[in-house]
Amino acid sequence: MSSVRPAGASEARTVAVLLDAFNREFDTPTPGPDVLAARLERLLAGQQVVALLAGEPPEGVAVLTLRPNAWYDGPVGLLDELYVVPAHRSQGRGAALLAPAEQVVHERGGELLEVNVDGGDVDARRFYERHGYTCVEPGQTEPSLYYYREL
């Protein structure tokens with residue numbers, strides 16, 4: 001199993017290359033690794049964005065953000081990205097990244113980790129459900145939906 005470690009600001013380029021590959025694999029727009037690296041260098045130097053790398057050389061990445069929320073005493077985490085290089089999938093690396101991401105949120109006083117999944121991404125939905133995630137609020141029968149608007 002791959003070891004997982006936090007990525008510092010000095011590893012922003014490594015994280016950026018993995019995130020760029022993720023978007024390209026799924027035909028999602030990306031500003032490219034140079035732009036991502038510049039953003040990540042700044043973000044990873046702070047306390048609200050955490051990146052975790054799996055393996056050496058890195059074969060997977062998890063990026064999470066933490067934010068204050070009126071409904072919880074501690075921060076709420078959002079798992080922005082979880083990506084494993086295709087050749088290393090189905091070997092437990094996603095789970096190896098998810099557990100430390102949850103631990104980071106917990107260690108910082110958080111009680112909730114959210115993740116957005118494309119409705120048609122059956123594999124991702126199955127992965128998160130297998131790890132205890134749900135899209136149905138307690139006492140409800142309909143799944144939650146994610147809405148957004150670029151400003």
- Task: Would you kindly compute the Cα radius of gyration of region 43-93 and its largest Cα-Cα separation (Dmax), both in Å?
- Result: 13.5, 41
- Item | Centroid-to-centroid separation of region 1-40 and region 72-97 [C-alpha atoms, Å] | 13 Å
- Query: Once you list every other residue whose beta carbon is under 14 Å from the beta carbon of residue 103, what net charge do they have if Lys and Arg are +1 and Asp and Glu are -1?
  - Reply: -1
- Enumerate by residue number the trypsin sites (Lys or Arg not before Pro) in region 43-151 meeting two conditions: DSSP loop (anything except H, G, I, E, B), and at most 12 other Cβ atoms within 10 Å of the site's Cβ. 149
- Message: Based on C-alpha coordinates, I'd like the Rg and Dmax of region 1-64, in Å.
- Response: 11.2, 32
- Query: What chymotrypsin sites (Phe, Trp or Tyr not before Pro) does region 109-143 have in DSSP loop regions with at most 16 other beta carbons within 10 Å?
  - Reply: 133
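Packing-wise, with mean Cβ within 10 Å as the measure, how do 99-106, 66-73, 77-84 rank, highest first? Please report the intermediate quantities before stating the final value.
Details: 99-106: 16.9, 66-73: 11.1, 77-84: 20.5.
Result, highest mean first: 77-84, 99-106, 66-73.
Please state the charge dipole magnitude for the chain, taken about the Cα centre, from unit charges on C-beta atoms (+1 on K and R, -1 on D and E), reported in debye and rounded to the nearest 20.
On the way: 13 positive and 22 negative charges, 50 e Å.
Roughly 240 debye, rounded to the nearest 20.
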- Item | Hydrodynamic radius by Kirkwood, which averages 1/r over all alpha carbon pairs of the chain, in angstrom | 16.2 Å
- Item | Inter-label distance for residue 118 and residue 17, nm, one decimal - labels placed 7 Å from Cα along Cα-to-Cβ | 2.5 nm
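The numbers here are math on the coordinates, done by the rules we state, and not lab data. Quick caveat, the model's predicted, so the values are computed rather than measured. Virtual Cβ from ideal backbone geometry, glycine too; neighbours counted across all protein chains shown.
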